[in-house]
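A short worksheet on the structure shown next.
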Amino acid sequence: MQCYYASVEKTTYPEFANKPVAVAAYPERRSCIILAACPIAVAYGISTAEHFSDSVAKCQPVCKHTSMCGR
């Protein structure tokens, strides 16, 4: 279940296939945390509830974009 939102993003954006994807609510905020991470991102050491900036430090190629899903 923890990777559900990441899998939705990968389905919505096929260009994210085979890339590490982590979902965060508001990446521009300092208090932003990871809500979901795909298995590829988890392999880089990214986990839920960690700060977004820490995740980017672990995995530079993590997909970063603003999703319109759920809005």
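Close contacts from segment 41-56, counting a first residue that is touching a residue at least 40 places away in the same chain (Cβ under 8 Å) and a second that is surrounded by 13 or more Cβ atoms within 10 Å (Cβ to Cβ) and part of a helix (DSSP H, G or I), with Cβ to Cβ under 6 Å and a gap of 6+ residues or different chains, come to none at all. Among the residues of segment 9-23, those that are within 12 Å of A41 (Cβ to Cβ) and surrounded by fewer than 17 Cβ atoms within 10 Å (Cβ to Cβ) comprise N18, K19.
When segment 19-41 is filtered for residues that are at pLDDT 90 or above and more than 17 Å from H51 (Cα to Cα), the ones remaining, listed by number, are P39, I40.
The values are calculated or read from the model by the stated rules, or taken from the named source; none is laboratory data. Please read these numbers as outputs of a predicted model, since none were measured by experiment. Cβ coordinates were reconstructed from backbone atoms using ideal geometry, including for glycine residues, and neighbour counts include every protein chain displayed.
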